[in-house]
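Since the structure comes first, as structure tokens, the remarks are kept for the end.
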Amino acid sequence: MIEVRNLTKIFNRGKFNETVAVSDISLKIKDKSIVALTGPSGCGKTTLLSMMSLILTPTSGEILYDGDNLLSGSDNFKTNFRRMNFGFIFQHINLLPQYTTIENILLPLYAFDADPKEYEERAYSWLKKLGIYDRATHLVEQLSGGEQQRAAFVRALIREPKYIFADEPTVFVDEETSRIIYRIFMELREAGKTIVLSTHDPELIKVADEVYRIKRGSLA
Amino acid sequence: MMKKHRNLLNYSFDCLRRYRMRTAVILITFLIATTMISAVLFTKDGLEREAELSVDSSPDLTIQYIKAGRAEPISTAYIDDIAKVEGVDRVLKRTWGYAGIGSNTYVVVGLDPTGLDYSRGVITSLESGRFLMPEDDGTGNVVVGKLIAGMLKVKVGDDMILLSESVDANKFHVVGVFSDESSIYTADMIVMCLSDANDFFKMPEGMVTDLCVYVEPDQIPNNVAAKMTSMPNVRILDQDLLLRGYRAAYGARGGIFTTLWTILLVAIALIAFSQAIVVGHESKFEVGLLKTFGFSTLDIIEVRLVESAVLGFFASSLGMIIGFVYAAYFNAPALVDILLGWAFLPKEFHLPVLVSATSVFSIYAVTVVPLLITTVVPAWLNAITDPELAMRRAAA
């Protein structure tokens with residue numbers, strides 16, 4: 001279970017451009033569920049998602065995974081936790097343009113004591129499922145936005161992490177691919193994964209077990 | 001953990017491939033800089049080694065007569081006084097000067113062959129023929145440097161003509177050719193017996209250029225020299241002083257090397273820094289992404305460290321090899337005049353190049369270390385930033 005307590009994020013604190021992105025949010029996310037964060041652009045969805053996934057340090061508050069407050073841990077501890085438990089799908093996709101699709105997908109595995117090549121079969125299986133098998137050895141800059149999004153999707157799942165954080169995962173893909181992604185999210189939930197996503201996509205919201213609406217940095 | 005380190009190593013090599021422009025710029029800069037500086041340093045080392053070999057061949061003490069602050073011929077009457085000094089083993093006469101053949105100038109040295117110490121120094125290292133013996137005195141027999149033998153196309157058994165100051169033609173007979181063990185010291189040297197040199201230079205009766213003092217084996221030359229300071233109008237040169245003189249001439253070359261080092265350091269630091277900025281945004285984003293995936297700060301430093309070290313060591317090593325070839329096989333065109341200064345260097349002469357561990361270490365230190373600092377430090381700063389912020393700032 002993920003529990004967020006009184007989470008606040010203030011950017012540029014004490015400066016003329018101080019911005020309160022997230023203010024005093026508390027929520028609980030059950031294991032093996034899909035949770036959607038929705039709200040207008042700039043409401044703080046991505047910031048909240050980033051803090052929950054430990055890639056952004058909150059100004060105040062607590063984040064507990066199975067009862068442990070991870071924010072009290074060292075940077076190294078949080079890094080290890082991310083490596084072992086998290087998969088990320090970013091709003092801006094964030095693939096390395098000089099790498100091929102398959103190289104990007106295998107990139108997170110470089111931080112493990114494992115041979116990335118051992119995961120190639122799994123990666124190709126996912127690529128096939130998402131319809132971009134033939135783009136595996138192409139440089140990602142040669143891929144369309146939708147294809148890049150699907151590649152990023154595979155990258156997040158390659159290690160079969162327990163928690164998946166997805167920021168607008170269907171924003172660049174067509175309807176058919178969106179439907180594939182909905183189905184995959186549901187399959188992942190069945191497989192015991194917890195998925196936290198931010199989205200405007202009403203179809204994706206329908207798939208969610210729980211929906212949190214955010215407005216101006218607070219739960220609506 | 002081995003697989004992880006192999007992964008990081010592979011990733012480092014991938015970075016070199018991906019950041020092609022930065023790799024190329026650093027590679028070319030380092031190549032030019034290290035080629036230049038290694039040619040200079042290796043030649044300087046070679047010249048200093050030559051100086052040491054030359055000093056090994058020198059007497060323990062050299063006594064010169066000083067008049068009005070300048071060296072002038074010394075009377076052989078000093079020999080008796082010097083020989084009486086405690087610790088002096090023997091005193092030999094020497095006459096030396098310069099002679100021209102064509103447009104070139106050579107060093108002519110006249111030695112007393114009866115008292116020479118054949119056991120030490122490179123001066124007795126011959127490629128062919130023999131060294132001078134007492135019976136050569138007054139015969140016009142000479143031993144010549146390898147360079148002269150090559151330029152004049154003479155060998156053992158041949159005759160050669162030297163013009164004296166009064167432009168008289170003097171015929172000499174070659175009985176030996178020096179080896180190139182000490183290329184600079186003996187390259188342009190013609191050694192003959194003392195009486196032949198005195199005749200050639202038309203030295204006044206009882207006068208020589210200087211006196212060579214050899215101390216007893218258990219004596220320290222400086223201590224023996226201290227006992228001679230009361231002698232009027234003489235300058236006593238010991239081997240340390242000669243070596244310092246050679247080093248001053250061939251070594252530091254009056255700040256040229258310091259300037260070159262400074263230019264090199266500044267150039268490398270600037271280029272490495274500018275490249276760090278060029279790829280800064282991309283690198284910042286990449287570090288943020290890697291941190292998100294679970295790369296630790298140490299993993300990221302390891303990646304950047306390997307990347308910079310491989311690039312720096314490869315470029316510097318290649319530069320040193322090119323620098324060595326440039327100096328040793330092509331005589332360092334454009335640099336040679338600076339390196340040798342007033343020293344005469346015919347075109348047939350090959351620079352004495354020596355690769356010393358100190359120079360190699362110094363070159364690596366001024367090339368690889370700045371590169372490591374300018375790439376690893378920004379990577380470390382990015383790695384200790386929140387991954388989301390690092391990526392956001394890179395995108396901004």
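The values are calculated or read from the model by the stated rules, or taken from the named source; none is laboratory data. Being a predicted model, the structure only gives us computed values, none of them experimental. Every residue, glycine among them, receives a Cβ derived from its backbone with ideal geometry; neighbour counts consider all protein chains shown.
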Task: Any helices (runs of 4 or more DSSP H) falling wholly within segment B:1-84 and containing at least 2 residues that are within 14 Å of chain A (Cβ to nearest Cβ) and in contact (Cβ under 8 Å) with a residue 12 or more places away in the chain - done: B:2-18, B:20-56
Open item on the list: Please go through (1) free of Cβ contacts under 8 Å to residues at least 40 places away in the same chain; (2) closer than 17 Å to B:Y106 by Cα for B:D218 and return the number of the only condition it doesn't satisfy.
Closed with: (2)
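What helices (runs of 4 or more DSSP H), lying completely within segment A:52-139, carry at least 2 residues that are more than 24 Å from B:S296 (Cβ to Cβ) and out of contact with any Phe, Trp or Tyr (no Cβ under 7 Å at 6 or more places or on another chain)?
Working: elements: A:75-85, A:101-106, A:120-129.
The qualifying helices (runs of 4 or more DSSP H) are A:101-106, A:120-129.
Given segment B:336-396, what helices (runs of 4 or more DSSP H) lie entirely inside it while holding 3 or more residues that are at pLDDT 70 or above, over 30 Å from B:L47 (Cα atoms) and more than 14 Å from every other protein chain (Cβ to nearest Cβ)?
Working: elements: B:336-340, B:357-383, B:387-395.
Counting at least 3 such residues, we get B:357-383.
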Open item on the list: Within segment A:101-115, take every residue that is in contact (Cβ under 8 Å) with a residue 40 or more places away in the chain and crowded, with 21+ Cβ neighbours inside 10 Å and give me the one that is farthest from the other protein chains (Cβ to nearest Cβ).
Closed with: A:T101
Open item on the list: As an exercise: evaluate A:M52 against (1) within 14 Å of another protein chain (Cβ to nearest Cβ); (2) free of Cβ contacts under 8 Å to residues at least 40 places away in the same chain; (3) within 30 Å of A:S26 (Cβ to Cβ) and give the number of the one condition it does not meet.
Closed with: (2)
Task: Identity of the residue in segment A:1-22, surrounded by 10 or more Cβ atoms within 10 Å (Cβ to Cβ) and charged (D, E, K, R), that ends up farthest from A:G217 (Cα to Cα) - done: A:E3
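Would you call A:R216 modelled with pLDDT of 90 or more, surrounded by 15 or more Cβ atoms within 10 Å (Cβ to Cβ) and among the basic types (K, R)?
When the stated conditions are applied, A:R216 does not pass them.
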Open item on the list: Within segment B:24-31, does at least one residue satisfy the condition of being more than 18 Å from B:L264 (Cα to Cα), surrounded by 16 or more Cβ atoms within 10 Å (Cβ to Cβ) and at pLDDT 85 or above?
Closed with: no
Task: Number of the exception - A:P161 against (1) assigned to a helix (DSSP H, G or I); (2) touching a Gly at 6+ places or on another chain (Cβ under 6 Å) - done: (1)
TODO: Identify the residue in segment B:73-94 that is charged (D, E, K, R) and out of contact with any Ser or Thr (no Cβ under 9 Å at 6 or more places or on another chain) and, among all such residues, is farthest from B:N198 (Cα to Cα).
DONE: B:E86
- [ ] Out of the residues in segment A:69-83 that are facing another protein chain (nearest Cβ under 9 Å) and without any contact (Cβ under 8 Å) to a residue 24 or more places away in the chain, state the one that is surrounded by the fewest Cβ atoms within 10 Å (Cβ to Cβ).
- [x] A:N76
Task: Complete set of residues in segment A:85-100 that are facing chain B (nearest Cβ under 7 Å) and more than 19 Å from A:M51 (Cβ to Cβ) - done: A:L96, A:Q98
Task: Residue list for segment B:85-107, restricted to those being crowded, with 17+ Cβ neighbours inside 10 Å and polar (S, T, N, Q) - done: B:T95
TODO: Would you be able to tell me the number of residues in segment A:14-43 that are within 13 Å of chain B (Cβ to nearest Cβ) and in contact (Cβ under 8 Å) with a residue 40 or more places away in the chain?
DONE: 2
